[in-house]
1. So what's the projected area for region 265-410, the Cα convex hull averaged over all directions, in nm²?
2. Could you calculate the contour length gain from residue 51 to residue 252, that is, 0.36 nm times the residue separation minus the distance between their Cα atoms, to one decimal place in nm?
3. Taking only Cα atoms, what is the 0 to 90° angle, nearest 10, from helix 58-70's long axis to the longest principal axis of the chain?
4. Who wins for biggest fluctuation among 74, 234, 257 in a Gaussian network model of the chain, springs between alpha carbons below 10 Å?
5. Enumerate the calculated ³J(HN,Hα) couplings along region 106-121 in order (Karplus 6.51 cos²θ - 1.76 cosθ + 1.60, θ = phi - 60°), each rounded to whole Hz, writing x wherever the residue is Gly or Pro.
6. Can you work out the PRE-style zone for residue 345? Point 7 Å along Cα to Cβ, and I want the residues of region 268-306 with backbone N under 14 Å.
7. Within region 35-143, list the trypsin sites (Lys or Arg not before Pro) lying in a DSSP loop whose Cβ has at most 14 other Cβ atoms in a 10 Å radius.
8. Could you calculate the contour length gain from residue 303 to residue 197, that is, 0.36 nm times the residue separation minus the distance between their Cα atoms, to one decimal place in nm?
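Bear in mind these aren't lab numbers, they're just calculated from the coordinates by the rules spelled out. Everything numeric here is computed off the predicted structure, so don't read it as measured data. Positions of Cβ are backbone-derived with ideal geometry, glycine not excepted, and every protein chain shown enters the neighbour counts.
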Amino acid sequence: MSMLTIVGIGPGNAGYFMPIAKEKMEKAHTVIAARRILPMLEEKCDSETTQFTVMGKIKDTFLLIDQLLKEEKDVVLTVSGDPLMYSLYKTIQNDPISADWNMEILPGIGSLQMLGAAFGETMEDAKLLSVHGRSKSAGSIALAVTENPKVFFLCSKEQGPAWLSQIMLDYGMNDVTVYAGSDLSYDNQLLVSGSPEEMAKKEFPSLCVAMIKNPCPKEVTRPCFLSDSDFERDKTPMTKEEIRVLILHKMKLHPDDIVWDVGAGTGSISIECARQVPFGQVHAVERNDLAISLIAKNKEKFSTDNLTIWQGDAAEEVKKLPVPTKVFIGGSGGKLAQIMEVIASFGSPVQVTVSAVTIETIAESNEILGKYDPNFDVIQATVGRGRKIGSYHIMDTNNPVMIFTAQIGH
């Protein structure tokens, strides 16, 4: 039966090309590789029957592999570095065309390993991240460095060592050390390290790897919840503190989440979220003038600089916001369907939590959320608060609140 062998050729220097990779190529019908490494592979391969093909677009390459395998021809697909580390292999796994392929992997030496070796740093206590072709917020990067003794980065042209260093400065992380390398294993390899201030001023090649060492890593802990009396309130309705705790529990916030609070009211949910996501962002959307002023007062009171306030129609304002990871909707002005359309258009996973009190809003939430997530979660919460009458106590019960939680864009 034909076989696809995915070979990691290492950093590119012929000295790191493994003998077993050479053996696999010489037995294969076709070797597919990037144009820049084909000459080295052709020089290494002694077979006169092996055909070498330049790797084209991913879709075209997959179709070619599928055709060759169906013709019972063995194929070698070469990738730089290690196939198991932010490589094409995961894309192959996720594509339905590969469902019936027989595959084996020959791992190679990756650029992150080369960087660690160059500076004598082990990787067993490190976190590995890629910002090459992937969207990572500044907060998520700062969080990773805060919580880990070492973080290794595969960089891109725009998001390189200088960019990482500037993030460290922006978050006041001046005691870390930034390491960078490019063209590793070649005669012109670059290796440099320094403080964030020093490294932020340097220029680096378009393809780099980096490492940031934190001498004092610590887990980020979240603050305890606030009481209703802690907030500036006036006459604007506010989600009661016990309900806030349930909502925040359902939201499952992470320290670097990007959060929308739509229909923010006094901003009690916005403030709580901002305190829970110190490396993230919170965007509060509200149309009422008095409520906007209260959110601003509470923002100042609790020093939540990661909270941004937006005034206007919810369905229009959310079009201006960054892609969220978590959304809370406490009020939509009758525009829940339009807001959900915006959220669904992102294509990335977003958790949406909606609170509803009126029968109309409950029915609307049930119908609309069900279109996007048939298995959405919903709970009903009723809070009673004791009140003294003479020598007795009675319970004053608030209106029941339905809390819906749905996953949009799996």
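1. Numbers: hull surface 42.1 nm².
That works out to 10.5 nm².
2. On the way: separation 201, 0.36 × 201 = 72.36 nm, distance 5.25 nm.
In short, 67.1 nm is gained.
3. Value to nearest ten degrees: 60.
4. Looking only at 74, 234, 257, the largest GNM fluctuation is found for 234.
5. In residue order, the calculated couplings are 10, x, x, 8, x, 5, 5, 5, 4, 5, x, 5, 4, 9, x, 10 Hz.
6. Backbone N within reach: none found.
7. Values: sites: 35, 36, 44, 57, 59, 70, 73, 90, 127, 134, 136; in loops: 57, 73, 134, 136.
Counting only loop positions with at most 14 other Cβ atoms within 10 Å, the trypsin sites (Lys or Arg not before Pro) in region 35-143 are 57, 134.
8. Details: separation 106, 0.36 × 106 = 38.16 nm, distance 2.61 nm.
Residue separation times 0.36 nm, minus the Cα-Cα distance, leaves 35.6 nm.
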